Amino acid sequence: MLDDHFCTYQQSLELKDLGFFEDCLGSYWKNKDNEVKFFLDGDIIVEDEYQWVFEVFRPLKSQVFEFIRDKYKISHRIQETSYFGEVEYNYFLKKDGTELYDNILDEFDSWFIAEENCIDHMLTIIKDDNNNN
């Protein structure tokens, strides 16, 4: 599903606060009732009763991983493992070349869920680092 390749609304807002401002294939828009909707770039926004206003870009997860790696020196690796026919996914993080092991036991049912959780974890690390400085 296409949606699996994009960040969540909350992640997009946090990335905006961190200075992410790159061309994206999608964006979130908000109407007068504060309803948020995702549109792909190039979609024509036609809604009779609502006027949509741009809220925030919605990047692909791959864009986020590159942004965080380049700006904050945090890299990731998603891994698929199989135990007795059960497939699970987990992720590993490095910051400034040092392995981070605080999520070592986390396991997820899909690659996309592992990516989403990995991005959340990376954003938490960045926020914690910013709060400690």
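A compact table of results
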item: Distant-in-sequence amide H partners of Arg58 (H built 1.01 Å from N, under 5 Å); result: Gly26, Ser27, Tyr28
item: Projected label distance in nm at Asn131 and Arg69, using a 7 Å step from Cα toward the beta-carbon; result: 2.8 nm
item: Given charges at beta-carbon only (K, R positive; D, E negative), |dipole| of the chain in Debye; result: 560 debye
item: Of the trypsin sites (Lys or Arg not before Pro) in the range 67-119, those whose Cβ has at most 12 other Cβ within 10 Å and which sit in DSSP loop; result: Lys73
item: Solvent-free Debye scattering, log10 I(q)/I(0), computed from the Cα coordinates of the chain at q = 0.17, 0.21, 0.22 Å⁻¹; result: -0.94, -1.23, -1.30
item: Fully extended contour minus Cα-Cα distance, from Asp17 to Glu35, at 0.36 nm per residue; result: 4.4 nm
item: Neighbour-limited loop hits for chymotrypsin sites (Phe, Trp or Tyr not before Pro), the range 50-133 (at most 15 other Cβ within 10 Å; DSSP other than H, G, I, E, B); result: Tyr50, Phe84, Tyr101
item: Radius 9 Å from Cβ of Glu115, net charge of other residues (Lys, Arg +1; Asp, Glu -1); result: -1
item: Dipole of the chain, positive end: most advanced residue of Asn117, Trp29, Asn132 [Cβ charges, Cα centre]; result: Asn132
item: Lysines whose Cα lies under 26 Å from that of Lys94, excluding same-chain neighbours fewer than 8 positions away; result: Lys16, Lys61, Lys71, Lys73, Lys127
item: 10 Å Cβ shell holding at most 16 others, DSSP loop, GluC sites (Glu not before Pro): longest site-free stretch of the chain; result: 50-106
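Every number in this text was worked out from the coordinates using simple rules, so none of it is lab data. Source: prediction; values computed, not measured. Ideal geometry is used to build each Cβ from the backbone, glycine not excepted, and the neighbour counts take in all protein chains shown.
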